[in-house]
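Q: Here it is: the structure, laid out below.
The values are calculated or read from the model by the stated rules, or taken from the named source; none is laboratory data. Values in this document were obtained by computation on a predicted structure and should not be read as measured data. Cβ placement follows ideal geometry from the backbone for every residue including glycine, while neighbour counts extend to all protein chains displayed. Just so you know, the surface numbers come from the protein's heavy atoms only, side chains and all, with ligands and any DNA or RNA stripped out. Shrake-Rupley method; radii C 1.70, N 1.55, O 1.52, S 1.80 Å.
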Amino acid sequence: MNENLIDKLVECLDANRVLTGDALQERYTHIWKMDQGLVAQAYVLPKTTAEVSDILQLCHSHNQPVQIFGGLTNLVGGTETHPDDIVISMEKMNFIEEINIHDRTMRVQGGVVLQNIQQLASDHALLFPLNFGAKGSAQIGGIISSNAGGLRVFRYGMTRNLVLGLEVVLADGTIINCLKSLIKDNSGYDLKHIFIGSEGTLGIVTRAVLRLQEAPKSRVSAMVALQDYDNVVGLLKHLDRGMAGLLSGFELMWNNFYTMATSAPSQSKPPLEQSYKYYVLCEVMGSDQVADTNKLYTLIEEALDRRLVEDAVFAENSSDLEWFWTIREDVHACVSQLSFDQHFDISLPTAKIGQTLDDVGKNLKATTGVVNFVTFGHIADGNVHIVVGKSNDSKELTHTINTIVYEPLKEIGGSISAEHGIGEHKKAYLSYSRSEAELNLMKTLKHALDPRSILNRGKIVD
């Protein structure tokens with residue numbers, strides 16, 4: 001342990017906000033690993049941007065590796081630590097500083113939890129549309145750093161589409177303040193986009209200005225069963241065209257996910273029989289509950305008549321809405337039933353998903369050591385998630401499964417990461433999605449902004 005550095009950190013903050021020794025056993029690297037104590041030199045808890053800057057100046061001068069912690073919902077090893085790391089947690093930088101209902105913006109610190117942002121926006125008849133299952137834990141700084149996606153990307157875009165301004169602290173402690181609330185600003189390079197999706201390897205997001213929308217007055221959902229993937233694509237086009245821009249969600253669940261998510265020990269019951277190959281959960285957000293409900297009902301009736309759809313059920317009230325969306329959002333209900341779970345988050349052209357995933361599924365079933373797996377995703381934006389349960393956690397089996405899932409993506413222009421990032425777990429496979437020239441440019445950016453490679457060392461690129 002670098003005692004000299006620890007002493008300086010205590011001077012910078014105070015002893016209560018610099019945790020070492022046994023106190024680290026009360027911390028962890030992921031919300032699913034709360035029983036495993038943290039391995040690191042120290043865990044520090046700044047409250048202000050100035051304190052983050054002071055910490056990084058000290059770590060930079062000591063060539064000290066730093067790991068940044070947000071809500072710890074990352075699924076690619078982005079928050080895994082090493083014994084010599086100093087962990088900077090953003091949990092005490094959790095204030096919403098301002099909401100401007102006229103400009104429809106919100107200024108927040110990096111440690112604010114997504115659900116709190118959503119709630120404050122809702123309290124003012126506004127909407128922050130980013131939404132996913134971990135909303136109760138994920139912090140906005142980490143969300144921005146990973147350019148998270150979620151359930152409404154099809155209509156509102158990824159996180160980067162919802163960020164107007166950023167404040168970032170660089171590896172040497174320099175504070176970059178780009179906290180403008182402008183939608184249009186072509187005054188040179190748009191620097192915030194360098195940091196959005198960089199997974200904390202180029203700087204620490206300390207504050208952000210978020211773009212809000214007027215809150216919709218209606219929300220309508222339906223669960224639909226299908227047997228053919230071409231019909232899934234046909235239904236997407238049919239609903240999107242018919243709802244004229246109001247379609248906000250189109251989530252696809254394969255039978256393996258739906259069955260596991262609606263069978264004991266899961267608490268959810270199946271709204272439709274578990275005998276179909278595909279299940280689509282669609283969402284419409286508009287201005288008139290009755291009119292939007294009738295329109296979606298008519299469109300699904302037409303889809304039934306055209307045999308695009310085998311069966312369907314509507315959410316008749318708020319309880320039904322919660323029931324349907326819990327099935328899709330509570331991924332942990334499935335993960336908890338899988339041993340040595342291995343997660344995938346891939347992106348590929350929507351039309352190619354059906355056949356590609358059929359082939360991947362056949363190869364997974366034929367692989368010794370694969371016990372079972374579930375598949376689901378945001379099909380409207382080409383994003384598929386796979387979670388594989390295994391008999392062991394050997395490196396050989398992990399690599400075999402990675403190859404089965406990632407190999408087909410090269411030829412069809414897919415991506416090994418749609419929204420989860422690269423972290424440590426996917427770094428060895430980044431060349432499946434990026435050319436050598438792109439990788440070299442990433443390394444150039446990393447070296448320019450973090451020449452001593454202290455920020456989230458080992459993540460994305462070396």
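Q: Looking only at the stretch 377-411, count every residue that is assigned to a helix (DSSP H, G or I) and either over 23 Å from the mean Cα position of the chain (by Cα) or not acidic (D, E) (or both) and tell me the total.
A: Adding up the residues that qualify gives 18.
Q: Taking into account only those residues within the stretch 351-376 that are open to solvent by 50 Å² or more (accessible area, probe 1.4 Å), of a type outside the set (S, T, N, Q) and not in a helix (DSSP H, G or I), which is nearest to A333 (Cα to Cα)?
A: Out of the qualifying residues, it is V371.
Q: Select the strands (runs of 3 or more DSSP E) contained entirely in the stretch 40-122, then report the ones holding at least 2 residues which are more than 30 Å from E329 (Cα to Cα).
A: 42-44
Q: Please enumerate the residues belonging to the stretch 327-345 that are over 17 Å from the mean Cα position of the chain (by Cα) and open to solvent by 30 Å² or more (accessible area, probe 1.4 Å).
A: S336, Q337, S339, F340, D341 - these are the residues of the stretch 327-345 that are over 17 Å from the mean Cα position of the chain (by Cα) and open to solvent by 30 Å² or more (accessible area, probe 1.4 Å).
Q: Among strands (runs of 3 or more DSSP E) lying entirely in the stretch 136-252, which contain 1 or more residues that are surrounded by fewer than 19 Cβ atoms within 10 Å (Cβ to Cβ) and of a type in the set (S, T, N, Q)?
A: 175-178, 218-226
Q: Any idea which of L308, L299, L304 is free of Cβ contacts under 8 Å to residues at least 60 places away in the same chain, surrounded by 12 or more Cβ atoms within 10 Å (Cβ to Cβ) and of a type in the set (A, V, I, L, M)?
A: L304
Q: Only one of these is of a type outside the set (A, V, I, L, M, F, W, C), crowded, with 21+ Cβ neighbours inside 10 Å and within 19 Å of T73 (Cβ to Cβ): G423, G414. Name it.
A: Exactly one of G423, G414 is of a type outside the set (A, V, I, L, M, F, W, C), crowded, with 21+ Cβ neighbours inside 10 Å and within 19 Å of T73 (Cβ to Cβ), namely G423.
Q: Can you tell me which residue in the stretch 1-18 is nearest to G70 (Cα to Cα), limited to those that are out of contact with any Pro (no Cβ under 9 Å at 6 or more places or on another chain) and open to solvent by less than 30 Å² (accessible area, probe 1.4 Å)?
A: V18
Q: Related question: Residue pairs, Cβ under 7 Å, 6 or more apart or interchain, first in the stretch 103-123 and farther than 21 Å from L151 by Cα and β-branched (V, I, T), second open to solvent by less than 10 Å² (accessible area, probe 1.4 Å) and part of a helix (DSSP H, G or I). List them.
A: Pairs that qualify, where the first residue is farther than 21 Å from L151 by Cα and β-branched (V, I, T) and the partner is open to solvent by less than 10 Å² (accessible area, probe 1.4 Å) and part of a helix (DSSP H, G or I), are V108/I117; V108/I140.
Q: I'm trying to understand the selection: among the residues of the stretch 22-37, which are free of Cβ contacts under 8 Å to residues at least 12 places away in the same chain and within 17 Å of V10 (Cβ to Cβ)?
A: Hit for the stretch 22-37 is D22, nothing else.
Q: Considering only the stretch 174-212, state which residues are in contact (Cβ under 8 Å) with a residue 60 or more places away in the chain and among the small types (G, A, S).
A: Listed by number, the residues that qualify are S181, G197, S198, G200, G203, A208.
Q: Considering the stretch 38-73 alone, what residues qualify as being in contact (Cβ under 8 Å) with a residue 40 or more places away in the chain and among the polar types (S, T, N, Q)?
A: Hits for the stretch 38-73 are Q41, T48, T49, S53, Q57, N63, Q64, Q67, T73.
Q: Sticking with this structure for a sec: Go through (1) of a type outside the set (A, V, I, L, M); (2) under 19 Å from the mean Cα position of the chain (by Cα); (3) within 19 Å of G200 (Cα to Cα); (4) part of a loop (DSSP other than H, G, I, E, B) and name the single condition P129 misses.
A: The failed condition is (3).
Q: Among the residues of the stretch 31-47, write down those that are modelled with pLDDT of 95 or more and open to solvent by 60 Å² or more (accessible area, probe 1.4 Å).
A: Across the stretch 31-47, the qualifying residue is only K47.
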